[in-house]
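Asker: Encoded as structure tokens, here's the structure I'll be asking about.
The values are calculated or read from the model by the stated rules, or taken from the named source; none is laboratory data. Just so you know, these numbers come straight off a predicted model, no measurement behind them. Note that we place each Cβ from the backbone using ideal geometry, even for glycine, and neighbour counts take in every protein chain shown. Surface accessibility is based on the protein's heavy atoms, side chains included, excluding ligands, DNA and RNA. Shrake-Rupley method; radii C 1.70, N 1.55, O 1.52, S 1.80 Å.
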Amino acid sequence: MSTAVPDKPALEGLEEKWSARWKADDTYAFDRTKTREQIYSVDTPPPTVSGHLHPGSMWSYTHTDFMVRYKRMTGWEVFYPMGWDDNGLNIERRTQINYGVICDPSLPYVENFEPPEKPPKDPIPVSRPNFVELCRRLTEELEDEFEQLWRTVGLSCEWSYLYRTIGKDVSGISQRAFLQLVERGDAFRLEAPTLWDVDFQTSLAQADLEDRELAGAYHKIKFSDIEIETTRPELIPACVALVAHPDDDRYKARFGTTVRSPLFDVEVPVLAHELAQPDKGTGIAMICTFGDQTDVVWWRELGLPVRSIMGRNGRLLPLEWDDPEVQARYDELAGRNAKQAQKRIVDMLRESGDLVGDPKPITHAVKFWENGKSPLEIVTTRQWFIKFPPKEKLLQRANELHFHPEFMRVRLQNWIEGLQGDWNITRQRFFGVPFPVWYPVGDDGEVDWHTPITAPLDALPVDPSTDVPPGYTAEQRNQPGGFIGDPDVMDTWATSSVSPEFVSGWERDPDLFERVFPMDLRPQGQDIIRTWLFYTLVRGEMQFGGLPFTHTNISGFVTDPDRKKLSKSAGNSEDTPFGLIAKHGADAVRYWASGAKPGRDATIDPNEFKIGRRLAMKVLNASKFALGFGEEDASAPIGEPVDRALLAGLRATIAHATAAFEDYDYTSARDVAETFFWSFCDDYLELVKTRAYGQDEGIGLEATASARRTLRIALDVQLRLLAPFVPFVTEEVWSWWREGSIHRAKWPTVDELDGMADGDDATLRAAAHVLGQIRRTKTEAKVGMRAPVLRVDVADAEETIGRLAHVADDLVRAGSIGSLNLTIGEPLIAVELAPTE
RNA sequence: GGGCGUAUGGCUCAGUUGGUUAGAGCGCAGCCUUCACACGGCUGAGGUCACAGGUUCGAGUCCUGUUACGCCCACCA
């Protein structure tokens, strides 16, 4: 086979050429006839398609691709499916904006509804099924864009196993897993105090929260003769008790007695509880239903009544009071939001003399939904919960999992240790996996929430808002004696927490499941350790009593060069993923990504792209040279010391890169391969160039053949070492002279070089050192590198001189040296240039 | 309040189990263009390894403390 080396190799167009080719050839196809021991399976994070395409996503997904390509080359059959996470609130929001609609679940479904060309000013109310259709339409558009990006940046996914978290299969599996938990009693419906976002009017889970520092104030308030301090005086009407620490001498005598609340004159008990902190405020706290999560604990553990005043819309509920005066006061508060009510009640307390002194301004941490804009309230609602396995069990699993990097493990442990209560998986939203249950409606029209009608497993997935439960007819929906569908959807994490089971074909494709589960790798961001990683372990533990994967690779995050948040200005920004690839090339972008070890942050650094591009360019040019000597002579013996020294160094590089990859340290693997490659170009190529051409007198045919074969062997190995990082350019060069894809070639092993790599790497370094001295002399004399050298005297230790003697011929030719004199003695290199004509 | 990570020339980072004058790339300065490469090559200047103690014959590397930045967790009245 003859080589087909282009005259002017170029990087332009390699992404299009090779991504199309890999697609057409199904280069990364997964062979599902392989067995579990032969397979390396990856639980790919399904990107949230509602998010903007972000360089950070491209960066971290590329990290996984380095590992995947390495594993594939080392002989593993790689199962690397891709999925899209199109659940969730963000996609609802984008759908509303994009099409100018708003969901009104009370409306009937409209066939073939088409939104207007341009979104109108006032959103059009549409039914829930219509709204969901529009959400799906939008996600499909966004998904195409994502797929395009993943292909362009060279992710070697298996696209035929693509899944969507909102898709029929995933919905079905989510519902099936849910029903199994219901069956076992591990998922249950409960009316309980729940974290609630008043703007989006949905309940939330602990993992959805974040703290924000907010300005507030301590208000000192009299309950009879006891003074308490609170930041939320507007909750006084919801007060059910005061609580102090059992050992607090100031209040010991008062435990068991009662006081009366100011303004509302409600009798509340004074109680003792360990959680009360004597050094906070006046040491005694007001318990309301519910001000914060501690209130919930106190309420539960002290068996207190509920006195709720906060509505789901964040405004104080209208309530009946016995005393007309109290009623008049409360009526001033009803209908106001927390902030407005606080302002009013403080005025009233001041007038009544129950406010002691002025409020003391403070800043304190307040719980928010991470996407929300108002502080969370706690309201009592009916929700589906999943019961967590015991913490000890979860901690044990957290210890069994292999973390890359190891220090990320503590974050998972911290989270598990801080768990409170059960997992609320209910969201009062529209676009998500519905709960596959209905509730009977009594003849009196009352809904029986306690005996849900579950969907038959073989009917899944179902949508209870359109599907009818067994034994009922469609006409009985919402009728006395009929049924009502569960109105809510599952939390997006309730769905994605079964991703390893789902992609592995659990309950759907037992043959596949057998071959790929438990999976090998879970790559993911550090920001979702408490959610995706944690919930996945929970589900794995509940379903199988073990880990759903054995390794996790946690990536850091990307910031711009100013360490600030990346700007999201869409379109023309050079910092969009497509913009970066267009400007620098996919290999250069991947090179940049390869510079960050697992768990380490990175910035968008134009220099790194430049260096990556330079490497890719160098690969093209060095390959052109190495392959530019006609037919390969595979029988030529590698006899020259320089050649054997090079291969010895290459052999060490293979060992080093392989060890690094085995440790998930793709960065070091790239580093050693890259460093070797540059010295290959700068030193080795210069030393053997003339010999390889074979034009000068006195060069034996065998010496020339040795150089030419070494060049090819070294190139072959180096291309494979670099292939996971710069897959496009290495594939391009591979195609010039090799059959098939380099990405299906074997990862190099040290055994390949048996019999030809017994040289001494130090020999090459010694020669390069002398060459460097000659270059310096020429540079100082301001002459070209090809300027002739009259003589070079080298003195050094016996060992070094011995090495140089072996490679003297190559050295003389590379340096255009007239005479080279080697002597044993104090280290010295003297270079005398030939006189210029 | 508890914890994790980072701190090495202007910038981005390597520095393996403590061992001779601390490495690389970018940037910078200078030089070199026929024969793989100007989307290039070569050479050079540039660092008291955040700070303070300690262990040691010897510390960027180990120990203690401090500071700065980033992050995680916490029952935040």
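Asker: Name every residue in region A:671-715 that is modelled with pLDDT under 90 and of a type in the set (D, E, K, R), in order of residue number.
Answerer: Of everything in region A:671-715, those that are modelled with pLDDT under 90 and of a type in the set (D, E, K, R) turn out to be A:D696, A:E697.
Asker: Among the residues of region A:778-802, how many are open to solvent by less than 50 Å² (accessible area, probe 1.4 Å), in contact (Cβ under 8 Å) with a residue 12 or more places away in the chain and not in a loop (DSSP other than H, G, I, E, B)?
Answerer: Qualifying residue count, region A:778-802: 9.
Asker: Right, something else. Looking at A:E332, is it surrounded by fewer than 20 Cβ atoms within 10 Å (Cβ to Cβ) and either of a type in the set (V, I, T) or farther than 30 Å from A:L89 by Cα (or both)?
Answerer: Working: surrounded by fewer than 20 Cβ atoms within 10 Å (Cβ to Cβ): yes; either of a type in the set (V, I, T) or farther than 30 Å from A:L89 by Cα (or both): yes.
It is true that A:E332 is surrounded by fewer than 20 Cβ atoms within 10 Å (Cβ to Cβ) and either of a type in the set (V, I, T) or farther than 30 Å from A:L89 by Cα (or both).
Asker: Taking the criterion of being in a helix (DSSP H, G or I) and either at negative phi or surrounded by 21 or more Cβ atoms within 10 Å (Cβ to Cβ) (or both), would at least one residue in region A:629-639 satisfy it?
Answerer: To start, the set of residues in region A:629-639 that are in a helix (DSSP H, G or I) comprises none.
No, region A:629-639 contains no residue that is in a helix (DSSP H, G or I) and either at negative phi or surrounded by 21 or more Cβ atoms within 10 Å (Cβ to Cβ) (or both).
Asker: If only one of A:A660, A:A616 is surrounded by 23 or more Cβ atoms within 10 Å (Cβ to Cβ), in a helix (DSSP H, G or I) and either over 41 Å from the mean Cα position of the chain (by Cα) or near RNA strand B (Cβ under 10 Å from one of its atoms) (or both), which one is it?
Answerer: Working: A:A660 fails: surrounded by 23 or more Cβ atoms within 10 Å (Cβ to Cβ).
Result of the check over A:A660, A:A616: A:A616.
Yes or no, residue by residue, for (1) open to solvent by less than 10 Å² (accessible area, probe 1.4 Å); (2) aromatic (F, W, Y); (3) in contact (Cβ under 8 Å) with a residue 24 or more places away in the chain:
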{"site": "A:G216", "(1), (2), (3)": "no, no, yes"}
{"site": "A:P237", "(1), (2), (3)": "yes, no, yes"}
{"site": "A:A253", "(1), (2), (3)": "no, no, no"}
{"site": "A:G256", "(1), (2), (3)": "no, no, no"}
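One line per residue, one yes/no per condition, for (1) surrounded by fewer than 22 Cβ atoms within 10 Å (Cβ to Cβ); (2) assigned to a strand (DSSP E or B):
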position: A:E191; (1), (2): yes, yes
position: A:T194; (1), (2): no, yes
position: A:F200; (1), (2): yes, no
position: A:E227; (1), (2): yes, yes
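Asker: Is region A:44-59 home to any residue that is part of a strand (DSSP E or B) and open to solvent by 30 Å² or more (accessible area, probe 1.4 Å)? Walk me through how you get there before you give the answer.
Answerer: Step one: list which residues in region A:44-59 are part of a strand (DSSP E or B), which gives A:48.
Checking the rest, the ones that are also open to solvent by 30 Å² or more (accessible area, probe 1.4 Å) come to A:48.
Checked region A:44-59: at least one residue is part of a strand (DSSP E or B) and open to solvent by 30 Å² or more (accessible area, probe 1.4 Å).
Asker: In addition: Name the single residue, out of those in region A:496-543 being touching a Pro at 6+ places or on another chain (Cβ under 9 Å) and of a type in the set (K, R), that is farthest from A:Q396 (Cα to Cα).
Answerer: A:R522
Asker: If you scan region A:687-719, which residues turn out to be within 14 Å of RNA strand B (Cβ to nearest atom), on the phi < 0 side of the Ramachandran plot and open to solvent by 20 Å² or more (accessible area, probe 1.4 Å)?
Answerer: A:K689, A:T690, A:Y693, A:Q695, A:D696, A:R708
Asker: Moving on. Identify, from the list A:P405, A:P440, the residue that is out of contact with any helix residue (DSSP H, G or I) (no Cβ under 8 Å at 6 or more places or on another chain), within 16 Å of RNA strand B (Cβ to nearest atom) and open to solvent by 10 Å² or more (accessible area, probe 1.4 Å). Show your work before the answer.
Answerer: Details: A:P440 fails: within 16 Å of RNA strand B (Cβ to nearest atom).
The match here is A:P405.
Asker: Turning to a different aspect of this structure: For region A:634-657, how many residues are among the polar types (S, T, N, Q) and more than 16 Å from RNA strand B (Cβ to nearest atom)? Quick ask: steps written out before the conclusion?
Answerer: From region A:634-657, those among the polar types (S, T, N, Q) are A:635, A:653; that's our starting set.
This time we only want the ones that are more than 16 Å from RNA strand B (Cβ to nearest atom), so: A:635.
Here the count works out to 1.
Asker: OK, next. Count, please, the residues in region A:274-295 that happen to be open to solvent by 10 Å² or more (accessible area, probe 1.4 Å), more than 38 Å from the chain's Cα centre (by Cα), within 8 Å of RNA strand B (Cβ to nearest atom) and not aliphatic (A, V, I, L, M).
Answerer: Result for region A:274-295: 6.
Asker: Any residue in region A:749-758 that is open to solvent by less than 40 Å² (accessible area, probe 1.4 Å) and modelled with pLDDT under 90? Quick ask: steps written out before the conclusion?
Answerer: Taking region A:749-758 and keeping what is open to solvent by less than 40 Å² (accessible area, probe 1.4 Å), we get A:753, A:756-757.
Narrowing further to those that are modelled with pLDDT under 90: A:756-757.
Looking through region A:749-758, at least one residue is open to solvent by less than 40 Å² (accessible area, probe 1.4 Å) and modelled with pLDDT under 90.
Asker: Return the residue satisfying two criteria in turn: it lies in region A:478-497 and is in contact with a Gly (Cβ under 9 Å, 6 or more places away or on another chain) and farther than 30 Å from A:A205 by Cβ, and of such residues it is least open to solvent (accessible area, probe 1.4 Å).
Answerer: The residue in question is A:G481.
Asker: Can you report the number of residues in region A:510-534 which are within 19 Å of A:H54 (Cβ to Cβ) and more than 10 Å from the chain's Cα centre (by Cα)?
Answerer: The number of residues fulfilling the criteria is 1.
Asker: Please state which one of A:K343, A:K339 is more than 24 Å from A:S224 (Cβ to Cβ), open to solvent by 60 Å² or more (accessible area, probe 1.4 Å), within 16 Å of RNA strand B (Cβ to nearest atom) and at pLDDT 90 or above.
Answerer: Every option except A:K339 fails the conditions.
Asker: Quick one: what pairs do we get from region A:43-69, first residue without any contact (Cβ under 8 Å) to a residue 60 or more places away in the chain, second surrounded by fewer than 23 Cβ atoms within 10 Å (Cβ to Cβ), C-beta under 8 Å, 6+ apart or different chains?
Answerer: Pairs that qualify, where the first residue is without any contact (Cβ under 8 Å) to a residue 60 or more places away in the chain and the partner is surrounded by fewer than 23 Cβ atoms within 10 Å (Cβ to Cβ), are A:T48/A:N90; A:G51/A:S57; A:G51/A:N90.
Asker: Enumerate the helices (runs of 4 or more DSSP H) found wholly within region A:282-366, keeping only those where 2 or more residues are in contact with a helix residue (DSSP H, G or I) (Cβ under 9 Å, 6 or more places away or on another chain) and of a type in the set (S, T, Y).
Answerer: Working: elements: A:293-301, A:324-333, A:338-352.
Counting at least 2 such residues, we get no helices (runs of 4 or more DSSP H) at all.
Asker: Would you please list the contacts, defined by Cβ atoms under 6 Å and residues six or more apart or on different chains, that run from a residue in region A:295-307 that is closer than 17 Å to A:T381 by Cα to a residue that is within 12 Å of RNA strand B (Cβ to nearest atom) and assigned to a helix (DSSP H, G or I)?
Answerer: Every condition considered, the pairs that remain are A:R307/A:A238.
Asker: Exactly one condition in (1) open to solvent by less than 20 Å² (accessible area, probe 1.4 Å); (2) within 16 Å of RNA strand B (Cβ to nearest atom) is false for A:I386; which is it?
Answerer: Looking at each condition in turn, A:I386 falls short on (2).
Asker: Just for region A:202-214: of the residues that are within 10 Å of RNA strand B (Cβ to nearest atom) and part of a strand (DSSP E or B), which one is most open to solvent (accessible area, probe 1.4 Å)?
Answerer: Residues of region A:202-214 that are within 10 Å of RNA strand B (Cβ to nearest atom), as a first pass: A:206-207, A:209-214.
Imposing the further condition that a residue be part of a strand (DSSP E or B) reduces the set to A:209-214.
Details: A:L209: 10, A:E210: 68, A:D211: 91, A:R212: 66, A:E213: 130, A:L214: 58 Å².
Of everything passing the filter in region A:202-214, A:E213 is most open to solvent (accessible area, probe 1.4 Å).
Asker: Being open to solvent by 30 Å² or more (accessible area, probe 1.4 Å) and either assigned to a helix (DSSP H, G or I) or modelled with pLDDT under 95 (or both) is the filter here; which residues of region A:509-525 pass it?
Answerer: A:P510, A:D511, A:F513, A:E514, A:R515
Asker: Based on this model, can you work out whether A:V110 counts as more than 30 Å from A:R670 (Cα to Cα) and either without any contact (Cβ under 8 Å) to a residue 40 or more places away in the chain or among the basic types (K, R) (or both)?
Answerer: Numbers: more than 30 Å from A:R670 (Cα to Cα): yes; either without any contact (Cβ under 8 Å) to a residue 40 or more places away in the chain or among the basic types (K, R) (or both): yes.
For A:V110, the condition - more than 30 Å from A:R670 (Cα to Cα) and either without any contact (Cβ under 8 Å) to a residue 40 or more places away in the chain or among the basic types (K, R) (or both) - is met.
Asker: Looking at region A:246-253, is at least one residue in a loop (DSSP other than H, G, I, E, B) and of a type in the set (K, R)? Working first, answer last.
Answerer: Pass one, region A:246-253, residues in a loop (DSSP other than H, G, I, E, B): A:246-248, A:253.
Retained after the next criterion (residues that are of a type in the set (K, R)): none.
No.
Asker: Limited to region A:1-38, what total is found for residues that are open to solvent by 30 Å² or more (accessible area, probe 1.4 Å), within 16 Å of RNA strand B (Cβ to nearest atom) and assigned to a loop (DSSP other than H, G, I, E, B)?
Answerer: Residues in region A:1-38 being open to solvent by 30 Å² or more (accessible area, probe 1.4 Å), within 16 Å of RNA strand B (Cβ to nearest atom) and assigned to a loop (DSSP other than H, G, I, E, B): 9 in total.
Asker: Return yes when A:Y70 is at pLDDT 90 or above and in contact with a strand residue (DSSP E or B) (Cβ under 9 Å, 6 or more places away or on another chain) and no when it is not. It would help to see each step written out before you state the result.
Answerer: Working: at pLDDT 90 or above: yes; in contact with a strand residue (DSSP E or B) (Cβ under 9 Å, 6 or more places away or on another chain): no.
When the stated conditions are applied, A:Y70 does not pass them.
Asker: Here is a check on your reading of the model: is A:L349 within 11 Å of RNA strand B (Cβ to nearest atom) and crowded, with 20+ Cβ neighbours inside 10 Å? Steps first, answer last, please.
Answerer: On the way: within 11 Å of RNA strand B (Cβ to nearest atom): no; crowded, with 20+ Cβ neighbours inside 10 Å: yes.
So A:L349 does not fit the description; no.
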